[in-house]
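So the structure is just underneath, and the comments pick up after that.
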Amino acid sequence: MSKLVIPPAAKGPKTLRIAAVVLAAICLLPMVAVAIAALTGGGDTLVHLAETVLSRYTKTTVLLVLLVSVGTLMIGTGAAWLVTMAQFPGRKLLEIALVIPLAFPAYVLAYAYTHLLDHPGIVQSTLRDVTGWGARDYWFPEIRSVGGAAAMLILVLYPYVYLLARAAFLQQSATSFLAARALGKTPWQAFLRVSIPMARPAIASGVLLAVMETIADFGTVAYFGVQTFATGIYTSWFSLGDRAGAAQLASGILMVALVLAVLERTSRGRAKYHDSSKRQEPMAAIELKGWAKWGATTLCVIPVLLGGVLPALALLIMSFGSEQNLFSSRYISFAVNSVTLAAVAAMVTLAAAVVLGYLQRLDDGPLSQISTSIARLGYAVPGGVIAVGLMVPFANFDNALDAWMRETFDVSTGLLVTGSIWLLVAAYMIRFLAAALGAYEGGQVAVNANMDMASRALGQTALGTLRRVHFPILRPSLLTALLIVFVDVMKELPATLILRPFNYDTLAVQAYRLASDERLEGAAVPSLVIVAIGLLPVVLICRQVRRR
């Protein structure tokens, strides 16, 4: 009788290793361009920054990151656990509604809440009319502040943690949780000591995404007048024309992003998270009673109300009386351009995430570690900096090629790369690859290492195992990654403004133009369209996760 021979663990196909190197080089290119520009500034520019604004930028950015980290962790993880493990009124509706704020750009939320809460806004105007108070007769929280910016970012970023944590909770077996309950632990203690540690990779990825998005945010903090590294970069680069100073500030953000990536990887350790038990029992939801069930409903309704319903109503009120025609051919072209860019960029980014994530699973060596670490950095870099970092080298390439073609063949090639959509797609991939990678890796906890060994024993190659074993199991995580990138591209503004082809405008660009002209009522119209388009994939992904 022949003996079954199990092939050794794969080191990763050559094609995956080559693709990982290419992806890492693409992600590194704009950062290298920014670093070269920073070195040309010399020490005088850096000393001037340190003496004037560097301390203020640092304190504000750190405070903003801390507030957003705590807020997204508490709301996202708590809501994910409640809708997964508890039965309460409105649970099935809320598990979808909790993702609605993901479709809102943070700067759009800033416009809406300024319209509601600022001094001339609806709330304070009504308060003064009812009480007869003057402007100095009462105290009201200032929306244009660090706290206001943190609140806007928390409301739109907590779905990152919610989606990844919920997917992780759904993939957990009830065996470990029930064992903790049998040992006398309360549901709360079992949640903290069993469910949270098992879902830690997914939760850590969600919080890291929120932190990186906070560091890179420009629209919200700029509108509220909050001075962070991102606003400093834009002010130096585009307003003052000091590219060396902006590049040096951008280099500081790159260093912070590198530290965050290292901390996140260290927090996970080298452990492979999966349920090693042979019994895979689904989690049984706990039926809440009395005040507990209504308390759970209230806790889940509040982020939906503040992050989705109220801003949407404010935008509708602002849009009344605007002269924008949604059904004109102009607006239809804006919508088509936005959806096309978002769909193409999401598929390209997901493919890149699968390449890097699967290679790291096959061969957790220096090549995969370095490639993955480089890929994570782009999410913390402002989109405008990535765009400029890509535009400068490729513009030089286009100019050199055009000059050579003119001299050799008397033919002008024009701007082959810098005038194309693909350079914009590359910027999106660099910017949001960390988001897709985090979702993919968070889902890998459900793939037991024994499944890979069994697949290899049955004669499957590494790519065959990925296609026939990993993809069916990771479908919820893959759809989550696709959704995150799609919605983020729909909301992305700076990179689109800089790299878009001539006369190729999107809904985000149109909203920015109207807001720049102080036509907030008109800007509310394309903002609502962005939200509406982003809601459909949000609902679809939640249905897929719930079905899973």
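No lab work stands behind these numbers, since they all come straight from the coordinates. All values derive from a computational prediction rather than experimental measurement. Here Cβ is always computed from backbone atoms with ideal geometry, including for glycine, and neighbour counts include all displayed protein chains.
Taking 0.36 nm per residue of separation and subtracting the Cα-Cα distance, full extension of the segment from V539 to E51 would add 170.8 nm.
For the stretch 74-163, the list of chymotrypsin sites (Phe, Trp or Tyr not before Pro) that fall in a loop by DSSP and count at most 11 other C-beta atoms within 10 angstrom reads Y138, W139. With a Förster radius of 45 Å applied to the beta-carbon distance between L66 and R468, the computed FRET efficiency rounds to 0.55. Close amide H pairs (under 5 Å, H built 1.01 Å from N) link I286 with A86, Q87, residues at least 5 positions away or on another chain.
Note: relative contact order over the stretch 428-530, using C-alpha pairs below 8 Å and six or more positions apart, is 26 percent.
Here's the picture: charge each Lys and Arg Cβ at +1 and each Asp and Glu Cβ at -1 in the stretch 401-506, and of L483, L497, N448 the one pushed furthest to the positive end of that dipole is N448. For the stretch 424-521, the set of GluC sites (Glu not before Pro) satisfying both a DSSP loop assignment and a count of at most 10 other C-beta atoms within 10 Å is given as E518. Projecting the Cα atoms of V21, A97, A150 onto the charge dipole of the stretch 18-170, computed from C-beta unit charges around the Cα centre, puts A97 farthest toward the positive end.
Distance between the pseudo-spin-label points of N450 and A179 (7 Å out from Cα toward the beta carbon): 1.3 nm.
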